[in-house]
Structures are given as C-alpha cells and as structure tokens.
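Below is one structure, written out as structure tokens; the observations come after it.
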Ligand SMILES: [Zn+2]
C-alpha cells in the first residue's frame, strides 16, 4: 500500500471571521480542476445548544451545508477579546473582524488583521467607551 502525504498547507481549512457579530467561515473547498467554482457556502461557527436558543456552542469542525465539505477551523488566538470589544458596538452591522489577508476583506477593501487594540481605537473614534475591557488587550 502506498501512503500519500498531503502537505499541511494543501489541506483546506476554514478561516474564522466575524460578520455582523457572528463567528462565521467561508467553505474552504478549492475550485475543481474540472472548472467547478468554489462552493461559496458560509456557515455559523457557533450553533444553538437548544432549539431556538442563542448560538452558544462552538463547532469543533467546519461542515458546509451547501456541499458537505468538512475541515478544521482556523481560529484566531484572541477570539474572546475580539468578540468582547466588538460586542461593545451598539450597531450589529459594525461588529466585523477578518484575519490578515482574508480574501473577502481584500476583495471588498475592508480592514483585516486588526488587533484588539485596533478594534478598541476604532470603537473610541466612534464614541464607544472601552473602559470596561481596557485590560483585555
Ligand atoms: Zn461548501
């Protein structure tokens, strides 16, 4: 039997980002060599632990409801501080964060790779008080 090693960088991984106050990830399925485009699916990375409850249970792996792709999830190491600072913002549409060089952010000219300090500064520019979480950064 021949065992083929797949280089780690060639294994698709879903990259977590925050969109409108929710951790989500785009389907990491690569385009097919047959010309099939990327999937385009997006999934919430937290699911409700009870029917009609809040999305409070963190997924262990990515599962695309569009194409069935499964993969690991690349979470930032500071997931909690990012969300705490974003949740200070009163308007949910403004609670967004993308990891560095995320293709969605790059394509749409959005900020990416912001630190928690960057997010706090952005908050304060818009009059959102970060005093309660200042020690988190
Ligand atoms: Zn998919």
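Out of everything in region 3-19 that is outside any loop (DSSP other than H, G, I, E, B) and buried (at least 16 other Cβ atoms within 10 Å of the Cβ), what residue ends up being nearest to the ligand (Cβ to nearest atom)?
Here is the first cut: in region 3-19, the ones outside any loop (DSSP other than H, G, I, E, B) are 8-10, 13-15, 17-19.
Next cut, buried (at least 16 other Cβ atoms within 10 Å of the Cβ) only: 14-15, 17-19.
Numbers: 14: 9, 15: 14, 17: 16, 18: 20, 19: 17 Å.
So, considering only residues that are outside any loop (DSSP other than H, G, I, E, B) and buried (at least 16 other Cβ atoms within 10 Å of the Cβ), the one nearest to the ligand (Cβ to nearest atom) is 14.
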| Looking only at region 20-34, and only at residues there that are within 11 Å of the ligand (Cβ to nearest atom) and either surrounded by fewer than 20 Cβ atoms within 10 Å (Cβ to Cβ) or in contact (Cβ under 8 Å) with a residue 60 or more places away in the chain (or both), the one that is nearest to residue 90 (Cα to Cα) | 26
| Quick one: how many residues across region 43-84 are more than 15 Å from the chain's Cα centre (by Cα) and under 29 Å from residue 127 (Cβ atoms)? | 1
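Within region 61-72, track down each residue that is without any contact (Cβ under 8 Å) to a residue 40 or more places away in the chain and in contact with a strand residue (DSSP E or B) (Cβ under 8 Å, 6 or more places away or on another chain). First the steps, then the outcome.
Step one: list which residues in region 61-72 are without any contact (Cβ under 8 Å) to a residue 40 or more places away in the chain, which gives 61, 63-66, 68, 70.
Of everything in region 61-72, those that are without any contact (Cβ under 8 Å) to a residue 40 or more places away in the chain and in contact with a strand residue (DSSP E or B) (Cβ under 8 Å, 6 or more places away or on another chain) turn out to be 61, 63, 64, 65, 70.
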| Only one of (1) farther than 22 Å from residue 108 by Cβ; (2) away from the ligand (no atom under 12 Å from the Cβ); (3) crowded, with 16+ Cβ neighbours inside 10 Å fails for residue 71. Which number is that? | (2)
| said: Just checking, does region 82-99 include any residue being in contact (Cβ under 8 Å) with a residue 60 or more places away in the chain, in contact with a strand residue (DSSP E or B) (Cβ under 6 Å, 6 or more places away or on another chain) and under 19 Å from residue 38 (Cα atoms)? | reply: no
| said: Cβ-Cβ distance below 6 Å, separation of 6 or more or different chains: which pairs start in region 35-49 with a residue that is more than 17 Å from residue 17 (Cα to Cα) and end on one that is part of a loop (DSSP other than H, G, I, E, B) and more than 9 Å from the ligand (Cβ to nearest atom)? | reply: 37/31; 38/31
| note | When every residue in region 35-48 that is within 12 Å of the ligand (Cβ to nearest atom) and surrounded by 14 or more Cβ atoms within 10 Å (Cβ to Cβ) is compared, the one modelled with the lowest pLDDT is 38
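The values are calculated or read from the model by the stated rules, or taken from the named source; none is laboratory data. This structure is a prediction, so every number in the text was calculated from the model and none was measured. Here the Cβ is made from the backbone with ideal geometry for all residues, glycine too, and neighbour counts use every protein chain on show.
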